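Undergrad: Quick one: this structure, given as structure tokens, is what I'll be asking you about.
The numbers here are math on the coordinates, done by the rules we state, and not lab data. Since this is a predicted model, take the numbers as computed values, not measurements. As a convention, Cβ positions derive from the backbone with ideal geometry for all residues, glycine included, and neighbour counts pool all protein chains shown.
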Amino acid sequence: MMHIAPVVPEFRRSYPGISVHIITTKHHEDAIESGVDIAVRTRPVEPDSGITVRKLARARYVPVASPKYLAEYGAPTTPKELEQHPTLIYGFSREFHPHSFSRGDTIETVRLRPALLATEGRVLCAAALEGGGILLQPMYTIYEDVKAGRLVPVLADWELPPVVINMACHTRKHQPAKIRVFMDFLLAHFARLDYERKWME
């Protein structure tokens, strides 16, 4: 929604004969559905050896909050203190996965009970911007808000595992040209805008 759909017009100016059909889904199936040429997803590896993967970028996973929230409630100083704050978390069910923060050789794992659980990052951002709690999201979702000061990172000396954004397609000896050119276009676009450096800084 934020980084692929906006560049489709530019792609079609170079390749007007290629029609683009975007299907959005929140589930990561091991297989790529029939009829889908390229899957863009955040998973470090593909368990199916018949799938070819090309990395687009990595992004830090960062806890942030609005200045309004921090002025009223303060910022946590340790990951454990996050359990005392309302959190805004991406997810599908109320079976919460632990979050493991690291600082040097120290690892601290917390299990958060979110005030808001959603399967769309920008829904969570909207709540965070209104002071709804501490948001945990990858930088590719929140980068502009952080740079503008609308959201402020907390626990800056702690790290969460980064997110890897990959393109995946079925492995073929002779890959259709439409797949090759779209993947090359996205790779060049992400490199030109220096996304990985921005999202990992």
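Undergrad: Of the residues Ile23, Ile51, Ile107, which exhibits the maximal mean-square fluctuation in a Gaussian network model of the chain defined by a 10 Å Cα contact cut-off?
TA: So, out of Ile23, Ile51, Ile107, the one fluctuating most is Ile23.
Undergrad: If I model a spin label as a point 7 Å beyond the Cα along the Cα-Cβ vector, how far apart are those points for Lys80 and Met1 in nm?
TA: Rounded to a tenth, the inter-label distance reads 3.6 nm.
Undergrad: Under 10 Å, Cα contacts only: if you run a Gaussian network model on the chain, which one of Thr25, Thr119, Thr78 comes out with the highest mean-square fluctuation?
TA: Result for the chain, Cα springs under 10 Å: Thr25 fluctuates most.
Undergrad: Could you list which residues have their amide H under 5 Å from that of Ile134, counting only those 5 or more apart in sequence or on another chain, with H placed in the peptide plane?
TA: Thr87, Leu88
Undergrad: Another question about this same structure. Between Leu70 and Arg103, what's the calculated FRET efficiency when r is the beta-carbon distance and R0 is 35 Å? Round to 0.05.
TA: Computed FRET efficiency for Leu70 and Arg103 comes out at 0.95.
Undergrad: Right, something else. If each of Arg54 and Arg41 carries a label point 7 Å out from its Cα toward its Cβ, how far apart are those two points in nm?
TA: Each label point lies 7 Å from its Cα, and together they span 1.8 nm.
Undergrad: For a quick check: sort His189, His21 by the number of other beta carbons within 10 angstrom, fewest at the front.
TA: Arranged by neighbour count, lowest to highest, His189, His21 become His21, His189.
Undergrad: Among the lysines, which have Cα under 17 Å from the Cα of Lys68 when same-chain residues fewer than 8 positions away are ignored?
TA: Once the sequence-local lysines are set aside, what remains near Lys68 is Lys147.
Undergrad: Taking Lys178 as the anchor, which lysines have their alpha carbon closer than 20 Å to its alpha carbon, excluding any fewer than eight residues away along the same chain?
TA: Cross-link targets: Lys55.
Undergrad: With a 10 Å Cβ neighbour count serving as the proxy for reagent exposure, in which order, fewest first, do Val20, Val62 appear?
TA: With the fewest neighbours first, Val20, Val62 line up as Val20, Val62.
Undergrad: On to the next question. Considering the Cα trace of region 61-153, what is its radius of gyration and what is Dmax, both in angstroms?
TA: Considering region 61-153 through its Cα atoms, Rg and Dmax are 12.5, 35 Å.
Undergrad: Report, in deg cm²/dmol and to the nearest 500, the calculated mean residue ellipticity at 222 nm for the chain, where each DSSP H run with n ≥ 4 adds -39500 (n - 2.57) and the sum is divided by the residue count.
TA: -7500 deg cm²/dmol
Undergrad: Arrange the following residues from fewest to most other Cβ atoms within 10 Å of their Cβ: Leu124, Leu70.
TA: Leu70, Leu124
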